[in-house]
Amino acid sequence: MSRRLRLLGGALAVLAALTALLAWLNLRGEPPLEPDPPATSAATSAATAPDAATLQRGAYLARAGNCAACHTAPGGAAYAGGRALATPFGTVYAGNLTPDADTGLGRWSAAEFRRALQHGRGRDGRLLVPAFPYTHFTLVSRADADALWAHLRQLPPVRQATPPHALRWPYGTQPALAVWRALYFRPGRFEPDPRRDAAWNRGAYLVEGLGHCAACHGGRDALGGGGRLGGGGTPLAIDRWVAPPLTDPGAAGARLQDLDDWVRLLQTGQTDRAAVQGPMAEVVAGSTQHLHPADLRAMGVYLRSHLAPPAGPARLPARDADALARGARLYTRHCADCHGAQGQGAAGAYPALAGNPTVTMADPRNLLRAITAGGFAPGTAGNPRPYGMPAFDLPHADLAALATWLRAAWGHDAPPVGEVQVLLAR
């Protein structure tokens with residue numbers, strides 16, 4: 001019996017040590033929560049209220065972070081939450097960011113908001129799910145966090161409770177979130193690189209922090225960890241669109257080599273060589289079209305510095321001659337009138353397909369999705385009436401043949417597409 005007690009005592013000691021270690025890993029770098037300021041008179045409150053410049057800055061930062069995209073349900077009030085966000089672990093519902101006292105941020109303090117933004121912890125101290133990208137927002141400066149808070153506080157309050165998350169066990173439990181944070185989260189702040197110029201550092205702050213671009217464009221592992229530029233892992237798929245790695249010149253290089261094209265793409269949603277569709281169209285419409293050109297250029301400078309060297313020629317599977325011939329006929333019948341016989345597109349209307357990264361990226365899912373779903377580039381101030389593309393409901397064999405031909409035409413050298421890939425993409 002004494003031996004069993006010793007073993008039990010040893011196991012409990014190990015468990016206590018592991019619990020203490022996990023608690024320390026989750027609290028490291030997190031400052032004590034500042035107490036609420038004492039009650040003040042109406043005159044003092046008016047004197048300390050944020051000025052117009054702070055509110056304007058906060059509104060701009062909310063655009064840069066694309067906050068409304070996740071925190072607005074389809075057809076719902078802006079920032080009132082309730083939008084369902086599908087993840088590999090279940091469904092997460094975005095919270096209400098309006099200053100409603102019962103269902104929103106009305107009872108929160110600025111310090112509690114900063115803690116949520118930078119440390120992923122709710123008002124009650126509970127850990128937030130990492131679908132809220134605090135792993136990126138931890139880099140946001142205190143001044144920017146407070147300006148964003150001031151902007152949210154002056155929104156019209158909307159009484160709308162947030163549905164509970166529908167995550168599979170154990171992913172939504174506090175112990176599981178604590179383990180995830182211990183593995184993947186390091187609190188920090190943005191530190192400019194003195195070896196780089198101001199534009200590069202501004203781009204780094206926007207891309208890695210508020211813009212949280214790598215949250216979608218960084219690979220993820222099986223537990224959802226990662227989300228860093230060039231970090232490897234599986235590309236994130238959203239509504240059957242794939243967020244390509246921005247460090248891969250084959251997927252993004254044609255968009256990022258020319259900074260003017262980069263600015264134009266994020267301002268208008270379209271250049272002569274590319275057009276955004278799917279979730280990225282929502283980002284352009286709700287966020288990047290509203291950013292200053294200097295900020296968009298800075299983001300391009302930063303991203304361009306992370307492009308990997310072009311890979312050497314790959315040994316591709318043989319392309320079937322009959323499939324190529326069928327693909328050429330399908331292109332002439334369905335595509336050439338808009339995109340041109342040589343894939344040159346039509347300036348201001350239809351993007352070129354020759355040299356288009358969506359056509360040539362290693363993963364063909366975005367190309368297949370563009371053909372089968374059709375749609376429009378986002379309506380923006382610079383392109384208020386974008387041209388659209390119809391959806392093509394082609395048989396699997398035809399769609400595979402068309403995609404294979406596009407990926408071999410006009411000097412392209414991308415892998416062929418098989419019917420199984422078409423089936424999985426659909």
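Using 0.36 nm per residue of separation minus the Cα-Cα distance, give me the extension gain between residue 316 and residue 174 in nm, one decimal.
The residue 316-residue 174 span can extend by a further 46.4 nm.
Quick one: Karplus J couplings for the stretch 396-402, per residue in order, coefficients 6.51, -1.76, 1.60, θ = phi - 60°, nearest Hz, x for Gly and Pro?
3, 5, 5, 5, 4, 5, 5
List, in order, the whole-Hz ³J(HN,Hα) value for each residue of the stretch 368-380 obtained from phi through the Karplus relation with A = 6.51, B = -1.76, C = 1.60 and θ = phi - 60°; use x for Gly and Pro.
Those phi angles translate into 5, 5, 4, 5, 7, 9, x, x, 10, 5, x, x, 10 Hz.
Give the percent of DSSP beta bridges with both residues in the chain that are antiparallel, rounded to the nearest 5.
Percentage antiparallel, nearest 5: 95.
Just to be sure I understand: of the beta bridges DSSP finds with both ends in the stretch 50-184, what percent are antiparallel, rounded to 5?
The antiparallel fraction comes to roughly 90 percent.
Within 10 Å, count the other beta carbons around each residue, average over each peptide in 295-302, 333-340, 388-395, and list them highest first.
Per-residue mean Cβ counts within 10 Å order the peptides as 295-302, 333-340, 388-395.
Rounded to the nearest 0.05, what FRET efficiency do residue 376 and residue 221 give with R0 = 22 Å and r taken as the Cβ-Cβ distance? Could you check?
The calculated FRET efficiency here is 0.05.
Taking a ≥ b ≥ c as the square roots of the Cα gyration tensor eigenvalues, with a/c under 1.5 meaning rounded and otherwise prolate when a/b beats b/c, else oblate, which class fits the stretch 321-425?
prolate
Kindly identify the stretch 177-327 as rounded, prolate or oblate by the Cα gyration tensor criterion: order the square roots of the eigenvalues as a ≥ b ≥ c, call it rounded if a/c is under 1.5, otherwise compare a/b with b/c, prolate if a/b is larger, else oblate.
Taking the square roots of the gyration eigenvalues as a ≥ b ≥ c, the stretch 177-327 is oblate.
By per-residue mean of other Cβ atoms within 10 Å, what is the highest-first order of 319-331, 55-67?
Ranked by mean Cβ neighbours within 10 Å, highest first: 55-67, 319-331.
Assuming R0 = 30 Å, can you tell me the calculated FRET efficiency for the pair residue 142 and residue 292, based on Cβ-Cβ distance, to the nearest 0.05?
Given R0 = 30 Å and the Cβ-Cβ separation, E is 0.85.
Would you kindly derive the ³J(HN,Hα) couplings of the stretch 262-268 from the backbone phi angles with the Karplus curve 6.51 cos²θ - 1.76 cosθ + 1.60 (θ = phi - 60°), listing them in order in whole Hz, with x for Gly and Pro?
Using θ = phi - 60°, the values come out as 4, 4, 5, 4, 7, 7, 10 Hz.
FYI, it's all coordinate maths here, none of it is from the lab. In this text the structure is predicted, and so the values were computed from the model without any measurement. Virtual Cβ from ideal backbone geometry, glycine too; neighbours counted across all protein chains shown.
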